[in-house]
Amino acid sequence: MTQPTTKILVLCGAAGVGKSTTAYEVSHQLGRADVPHALLDTDQLDQVHPWPPSGLGPSELSRRNLAALWTNLAGVGHTRLILTGVFVALAEELAWIVDAVPGADVTSVRLTADVPTLEHRVRRREIGSGAADQLARTLRQHEALGHPEPPGTTVIDTTGRAVTSVASEVVGVWLGGGGR
(Lines give C-alpha, C1' and ligand atoms only; values in the text may rest on other atoms or scores of the structure.)
Protein backbone atom coordinates (compact mmCIF):
# COMPACT_ATOMS: atom_id res chain seq x y z
CA MET A 1 0.00 0.00 0.00
CA THR A 2 1.41 3.41 -0.94
CA GLN A 3 1.57 6.31 1.49
CA PRO A 4 -0.62 9.32 0.72
CA THR A 5 1.37 12.11 -0.88
CA THR A 6 -1.07 14.80 0.25
CA LYS A 7 -1.28 15.80 3.90
CA ILE A 8 -4.13 17.99 5.14
CA LEU A 9 -4.33 19.76 8.48
CA VAL A 10 -7.95 20.56 9.37
CA LEU A 11 -7.97 23.29 12.00
CA CYS A 12 -11.49 23.71 13.37
CA GLY A 13 -13.52 25.11 16.24
CA ALA A 14 -16.13 27.71 17.13
CA ALA A 15 -15.73 31.28 15.93
CA GLY A 16 -13.31 33.05 18.25
CA VAL A 17 -11.14 30.09 19.26
CA GLY A 18 -8.26 31.38 17.15
CA LYS A 19 -8.44 29.22 14.02
CA SER A 20 -7.36 31.89 11.54
CA THR A 21 -4.73 33.41 13.81
CA THR A 22 -3.32 29.97 14.61
CA ALA A 23 -3.40 28.92 10.95
CA TYR A 24 -1.43 32.02 9.93
CA GLU A 25 1.12 31.34 12.67
CA VAL A 26 1.37 27.66 11.65
CA SER A 27 1.99 28.88 8.10
CA HIS A 28 4.73 31.27 9.31
CA GLN A 29 6.39 28.52 11.35
CA LEU A 30 6.28 26.10 8.42
CA GLY A 31 7.64 28.78 6.12
CA ARG A 32 10.56 29.46 8.45
CA ALA A 33 11.26 25.71 8.45
CA ASP A 34 11.02 25.72 4.62
CA VAL A 35 8.07 23.28 4.62
CA PRO A 36 6.01 23.89 1.45
CA HIS A 37 2.28 24.24 2.11
CA ALA A 38 -0.91 26.07 1.15
CA LEU A 39 -3.46 27.67 3.47
CA LEU A 40 -7.19 27.98 2.78
CA ASP A 41 -9.99 29.26 4.98
CA THR A 42 -13.02 27.20 3.99
CA ASP A 43 -15.29 30.20 4.62
CA GLN A 44 -14.00 31.51 1.31
CA LEU A 45 -15.13 28.35 -0.50
CA ASP A 46 -18.83 29.04 0.00
CA GLN A 47 -19.36 32.69 0.83
CA VAL A 48 -22.32 33.24 -1.49
CA HIS A 49 -25.91 34.40 -1.19
CA PRO A 50 -28.39 32.78 -1.33
CA TRP A 51 -27.12 29.85 0.70
CA PRO A 52 -27.03 27.07 -0.23
CA PRO A 53 -27.03 27.65 -3.96
CA SER A 54 -30.16 26.32 -5.64
CA GLY A 55 -29.95 22.59 -6.26
CA LEU A 56 -26.83 22.00 -4.15
CA GLY A 57 -26.46 20.44 -0.72
CA PRO A 58 -24.85 22.45 2.09
CA SER A 59 -21.29 21.28 1.43
CA GLU A 60 -21.36 20.70 -2.33
CA LEU A 61 -20.09 24.13 -3.41
CA SER A 62 -17.28 23.91 -0.84
CA ARG A 63 -16.33 20.43 -2.11
CA ARG A 64 -16.28 21.55 -5.74
CA ASN A 65 -14.26 24.69 -4.97
CA LEU A 66 -11.76 22.81 -2.81
CA ALA A 67 -11.31 20.17 -5.52
CA ALA A 68 -10.65 22.88 -8.14
CA LEU A 69 -8.26 24.82 -5.91
CA TRP A 70 -6.42 21.68 -4.87
CA THR A 71 -6.01 20.64 -8.51
CA ASN A 72 -4.29 23.97 -9.15
CA LEU A 73 -2.17 23.85 -5.98
CA ALA A 74 -1.13 20.24 -6.55
CA GLY A 75 -0.35 21.13 -10.17
CA VAL A 76 2.36 23.49 -8.96
CA GLY A 77 3.78 20.90 -6.58
CA HIS A 78 2.03 21.37 -3.24
CA THR A 79 1.51 18.30 -1.08
CA ARG A 80 0.48 19.94 2.22
CA LEU A 81 -2.72 21.87 2.85
CA ILE A 82 -3.95 23.72 5.93
CA LEU A 83 -7.75 24.12 6.02
CA THR A 84 -9.63 26.18 8.60
CA GLY A 85 -13.33 26.02 9.35
CA VAL A 86 -15.87 25.88 12.16
CA PHE A 87 -16.90 22.28 11.40
CA VAL A 88 -19.28 21.55 14.27
CA ALA A 89 -20.06 18.12 12.78
CA LEU A 90 -16.44 17.30 11.97
CA ALA A 91 -17.02 13.75 10.70
CA GLU A 92 -19.50 15.05 8.09
CA GLU A 93 -17.15 17.83 7.03
CA LEU A 94 -14.20 15.47 6.69
CA ALA A 95 -16.26 13.41 4.21
CA TRP A 96 -16.46 16.22 1.63
CA ILE A 97 -12.84 17.23 2.26
CA VAL A 98 -11.49 13.75 1.51
CA ASP A 99 -13.83 13.53 -1.47
CA ALA A 100 -12.36 16.78 -2.83
CA VAL A 101 -8.75 15.68 -2.18
CA PRO A 102 -8.82 11.89 -2.68
CA GLY A 103 -6.21 9.79 -0.93
CA ALA A 104 -5.12 12.56 1.44
CA ASP A 105 -3.88 11.89 4.95
CA VAL A 106 -5.97 14.14 7.22
CA THR A 107 -4.96 15.38 10.65
CA SER A 108 -7.80 17.04 12.57
CA VAL A 109 -7.18 19.57 15.34
CA ARG A 110 -10.13 21.09 17.19
CA LEU A 111 -9.31 24.37 18.96
CA THR A 112 -11.39 25.32 21.98
CA ALA A 113 -11.60 28.21 24.44
CA ASP A 114 -13.74 29.04 27.44
CA VAL A 115 -16.87 31.19 27.02
CA PRO A 116 -15.40 34.44 28.44
CA THR A 117 -12.47 34.14 26.02
CA LEU A 118 -14.80 33.50 23.07
CA GLU A 119 -16.99 36.45 24.00
CA HIS A 120 -13.96 38.75 24.35
CA ARG A 121 -12.45 37.67 21.03
CA VAL A 122 -15.71 37.92 19.08
CA ARG A 123 -16.54 41.35 20.53
CA ARG A 124 -13.03 42.57 19.69
CA ARG A 125 -13.21 41.24 16.13
CA GLU A 126 -16.82 41.79 15.08
CA ILE A 127 -17.48 45.51 14.81
CA GLY A 128 -20.14 45.64 12.10
CA SER A 129 -23.88 45.13 12.01
CA GLY A 130 -23.52 41.35 12.39
CA ALA A 131 -21.66 41.41 15.72
CA ALA A 132 -24.58 40.34 17.94
CA ASP A 133 -25.56 37.57 15.51
CA GLN A 134 -21.96 36.32 15.36
CA LEU A 135 -21.69 36.17 19.14
CA ALA A 136 -24.95 34.20 19.33
CA ARG A 137 -23.67 31.80 16.60
CA THR A 138 -20.36 31.40 18.43
CA LEU A 139 -22.10 30.49 21.69
CA ARG A 140 -24.34 27.98 19.84
CA GLN A 141 -21.28 26.47 18.16
CA HIS A 142 -19.47 26.22 21.48
CA GLU A 143 -22.48 24.48 23.03
CA ALA A 144 -22.79 22.06 20.08
CA LEU A 145 -19.17 20.99 20.41
CA GLY A 146 -19.82 19.07 23.62
CA HIS A 147 -19.97 15.71 21.85
CA PRO A 148 -17.05 13.32 21.17
CA GLU A 149 -14.77 14.10 18.24
CA PRO A 150 -13.97 11.64 15.44
CA PRO A 151 -11.17 9.21 16.39
CA GLY A 152 -7.72 10.72 16.01
CA THR A 153 -8.84 14.33 16.52
CA THR A 154 -6.55 16.35 18.77
CA VAL A 155 -8.26 18.97 20.97
CA ILE A 156 -6.21 22.01 22.01
CA ASP A 157 -7.49 24.67 24.42
CA THR A 158 -6.35 28.18 23.39
CA THR A 159 -7.61 29.92 26.55
CA GLY A 160 -4.86 32.16 27.95
CA ARG A 161 -2.24 30.86 25.52
CA ALA A 162 -0.02 32.74 23.11
CA VAL A 163 -0.70 31.97 19.46
CA THR A 164 2.95 30.97 18.92
CA SER A 165 2.59 28.27 21.59
CA VAL A 166 -0.69 26.96 20.18
CA ALA A 167 0.70 26.93 16.64
CA SER A 168 3.86 25.11 17.75
CA GLU A 169 1.68 22.43 19.35
CA VAL A 170 -0.41 22.16 16.17
CA VAL A 171 2.73 21.85 14.00
CA GLY A 172 3.98 19.11 16.34
CA VAL A 173 0.72 17.20 16.01
CA TRP A 174 0.70 17.53 12.23
CA LEU A 175 4.35 16.93 11.38
CA GLY A 176 4.79 14.43 14.19
CA GLY A 177 2.03 12.16 12.92
CA GLY A 178 -1.46 12.10 14.34
CA GLY A 179 -2.87 11.61 10.84
CA ARG A 180 -6.31 10.19 10.31
Charge context of Leu11, other residues only, Cβ under 11 angstrom, K/R +1, D/E -1: 0
Per DSSP, the loop-located trypsin sites (Lys or Arg not before Pro) within segment 52-106 having at most 13 other beta carbons within 10 Å are none
Among Gln47, Gln134, Gln29, which one shows the biggest mean-square fluctuation in a GNM of the chain, springs joining Cα atoms closer than 10 Å? Gln47
Quick check: net charge around Leu40, other residues with Cβ under 15 Å of its Cβ, Lys/Arg +1 and Asp/Glu -1? +1
Of the accessible area of the chain, with the probe set at 1.4 angstrom, what percent is carbon plus sulfur? 54
Over the Cα atoms of the chain, what radius of gyration and what Dmax do you get, in Å? 16.1, 52
List the residues, sorted by chain then number, that are 5 or more residues from Val10 or on another chain and whose placed amide H is less than 5 Å from its amide H. Leu83, Thr107, Ser108, Val109
At what distance in nm do the modelled label points of Gln44 and Ala131 sit from each other, each positioned 7 Å from its Cα along Cα→Cβ? 2.6
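The values are calculated or read from the model by the stated rules, or taken from the named source; none is laboratory data. These figures come from a predicted structure and were not determined experimentally. Cβ: placed from backbone, ideal geometry, glycine included. Neighbour counts: every protein chain shown. Ligands, DNA and RNA are stripped out before the accessible areas are found, and what is left, the full protein with its side chains, is counted by its heavy atoms. Shrake-Rupley method; radii C 1.70, N 1.55, O 1.52, S 1.80 Å.
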